[in-house]
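Since the structure comes first, as structure tokens, the remarks are kept for the end.
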Protein chains: 2
Amino acid sequence: MDSASGGTVGAPDEARGTDPADSRTVELAARVEKGDRRAVARALSVVERADTSSRALIALLFPRTGRAHLVGVTGVGGVGKSSLIARLVTEWRRRGKRVGVVAVDPTSAATGGALLGDRIRMEELLADPGVFVRSMATRGAGGGLARATIDATRVFDAAGYDVVVVETIGVGQDQLDVGQVAETIVVVEAPNLGDDVQALKAGLREIADVYAVNKADTGSTDRTVATLRAMLALEGDRDWNPPIVKTSAATGEGIAELADAAEVHLAWLARSRRRAARRRERARAELRRLLQEQLLRDLLGRVGDPDLTAATTAVLGGTDPYRCASELLRRYHG
Amino acid sequence: MDSASGGTVGAPDEARGTDPADSRTVELAARVEKGDRRAVARALSVVERADTSSRALIALLFPRTGRAHLVGVTGVGGVGKSSLIARLVTEWRRRGKRVGVVAVDPTSAATGGALLGDRIRMEELLADPGVFVRSMATRGAGGGLARATIDATRVFDAAGYDVVVVETIGVGQDQLDVGQVAETIVVVEAPNLGDDVQALKAGLREIADVYAVNKADTGSTDRTVATLRAMLALEGDRDWNPPIVKTSAATGEGIAELADAAEVHLAWLARSRRRAARRRERARAELRRLLQEQLLRDLLGRVGDPDLTAATTAVLGGTDPYRCASELLRRYHG
């Protein structure tokens, strides 16, 4: 494509940033903004590639975003996130909201099939035109998943979905921090064999805006609720005290309360001006991540594989990696 | 410190790489290499800071590394990793091996205290001079934890520990991929209320060299073992077929077999030349990560906070983040 404009050789797309959109991308964006379901599906496939064409699309859609309520649902495996989300979506539909779901699937293609049973219930919701569910597969390193997930929420947002749910296993997954994509974070916990609250062990405490103690139908949630209460009490009063809601995807218990809690949290975010503050934090974090990705790609474009391989060999030969990295940088950055 | 040599202004330490070591660092490194316990403790504190002084220390220690068997022990919260490691360490001690443990603690200082109960057993091992256990606290973004953990294994390695265990909750935690620090990865699973194998849901399948199905004393591990067997059978024969070992930290069942499995895996790695290949992959991944971190730090040193803040404001005003990131890059990188 056009490479006459830039002075940077080797990674022109990355260095120049967003390409001028071609007419098909412009048309796709226009259809997404009208809420056209097939256009949304296609746009989601475009952003999943996380490449130059997705940038052009997002550049067009970006000014139309910012209206949706971004809800993260997170928790370790086995707590029933997917089933709970299916119930929540049904509740939001009852309240007249259109809902998009981005399910970030930590299982690979190799093993995923057998484990996706609990996603089936969610896919039944696909018959409803006010619901759109999309699974994002984990891909290699380099922040592709984080970028694809963030941009998928933007597609839904620009298409007029009122609530966008992102389902993840929590912090750190393939460089996707749920705090990067959500305004209200629901941490799901289920009663365990032991005394442990797994969400706490997994480091989800700091990010929880609402707790859902799921599988309440099994009747053994009291201890988990008590542990969470005790922990919150120890921490004392804060600006926002995360409510704890007992839920059951099996019976529907607590689902309306959970939807209420998410709405109350959003209202608090807006009232306390924290919604804008969090947006600012998210934008700043995304800029840093994009800068980092682009810098590395730019450098690797110039360094070339032989030099990186030579540096790797030097490390294996006993030169410490900090020195090798610095020497590569010095050579190419001056 | 010395800043006359570099042409890069703003982030001289990062740009120049490893500082020349001062005499205290040289002395500390020499004492670490002799296996001096207090020196090891101090060196671990230095690498935990993940700053310039840790680079100077690692530059000195690095040529003495490469002898230890690096064992990762991972699994979601609640499967009993810490207790299992305590048992394993005892077994390795019986076999005459010195063992260092880096426990990467996902819980923050705020909530960690109450949850560290299962670490107490491990700390009893501290009375044994052939064992050294160190917890690394999760710290902010920017790869600090990954760097500190990798360098902690190097301290143990250079100090002559035969086995270095890294305990983590698995892939992705705060940008620490256990594959970046371990040669043999033990994935721990415990029987669950449901049919799920949580390790699989958490994406740990791809990295497992050995499975430990823990809490065998509860008598309900058969289903978990059967699920894992069925999955491995479906995948067919591979170069290395991960063994599945039933263990119980409570009774000691299976611990010797688990230690055997780790040794057999190491022997296979060496025999098949994969030990060298994996070292090469780890070195390459680390170089990429260091380049990325240093590039970002260097850029942020030059861009300055006001420009990043202005770019953030532009994003909030509707300019898409890709364009803003590219413009920042263009301005500073030419």
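Compute the whole-percent fraction of alpha carbon pairs in the stretch A:202-334 spaced more than 17 Å apart.
74
For the peptide A:280-287, the mean number of other protein chain Cβ atoms found within 10 angstrom of a residue's Cβ is 6.
With label points set 7 Å from Cα along Cα→Cβ, the inter-copy distances at B:ASP22 are 6.0 nm, sorted shortest first. For B:GLU327 and A:ARG24, the FRET efficiency from 1/(1 + (r/R0)^6), where r spans their Cβ atoms and R0 equals 41 Å, is about 0.95. For the stretch B:268-282, putting each phi into the Karplus relation 6.51 cos²θ - 1.76 cosθ + 1.60 with θ = phi - 60° gives couplings of 5, 4, 5, 4, 8, 6, 6, 4, 5, 5, 5, 4, 4, 4, 5 Hz, in residue order, rounded to whole numbers and with x for Gly and Pro. A convex hull fitted around the alpha carbon atoms of the stretch B:289-333 yields 69 Å³ per residue.
In nanometres and ascending order, the distances from the A:GLU235 label point to those of the other copies are 3.7 (point 7 Å from Cα along Cα→Cβ).
Counting Cβ atoms of other protein chains within 10 Å of each residue's Cβ and taking the mean over peptide A:312-319 gives 5. Close amide H pairs (under 5 Å, H built 1.01 Å from N) link A:MET136 with A:ALA103, A:VAL104, A:ASP105, residues at least 5 positions away or on another chain. The phi torsions of the stretch B:53-63, fed into the Karplus equation with coefficients 6.51, -1.76 and 1.60 and a -60° offset, translate into couplings of 5, 5, 5, 4, 5, 5, 4, 6, 7, 3, x Hz, rounded to whole numbers, with Gly and Pro shown as x. Across the stretch A:28-33, computed HN-Hα scalar couplings (Karplus, 6.51 cos²θ - 1.76 cosθ + 1.60, θ = phi - 60°) run 4, 4, 5, 5, 4, 5 Hz from first to last residue, x flagging Gly and Pro. Of A:LYS215/B:LYS81; A:LYS246/B:LYS246; B:LYS34/B:LYS215; B:LYS34/B:LYS246; B:LYS97/B:LYS246, which ones are farther than 30 Å apart at the Cα? Too far apart for the 30 Å limit: A:LYS246/B:LYS246; B:LYS34/B:LYS215; B:LYS34/B:LYS246. Sorted ascending by nearby beta carbons within 10 Å, beginning with the fewest, A:LYS34, A:LYS97 become A:LYS34, A:LYS97. Between B:LYS246 and B:VAL213, the built amide H atoms are under 5 Å apart, and every one of these is 5 or more places off in sequence or on another chain.
Ordered by the count of other Cβ atoms within 10 Å of each Cβ, fewest first, A:LYS246, A:LYS215 give A:LYS246, A:LYS215.
Close amide H partners of A:VAL166, meaning residues 5 or more places away or on another chain with modelled amide H under 5 Å apart, are A:VAL71, A:GLY72, A:VAL73, A:VAL102.
Pairs of Cα atoms nearer than 8 Å and 6+ residues apart set the relative contact order; for the stretch A:213-277 it is 30 percent.
Going from the fewest other Cβ atoms within 10 Å to the most, the residues B:MET136, B:MET231 appear in the order B:MET231, B:MET136.
Give the distance, in whole Å, between the Cα centre of the stretch B:281-334 and the Cα centre of the stretch A:278-308. If we compute the Cα centre of each part, the gap is 6 Å.
Taken together, the values in this text are just the output of simple stated rules run on the coordinates, not laboratory data. The model shown is predicted, which means the values in this text are computed figures rather than measured ones. Every residue, glycine among them, receives a Cβ derived from its backbone with ideal geometry; neighbour counts consider all protein chains shown.
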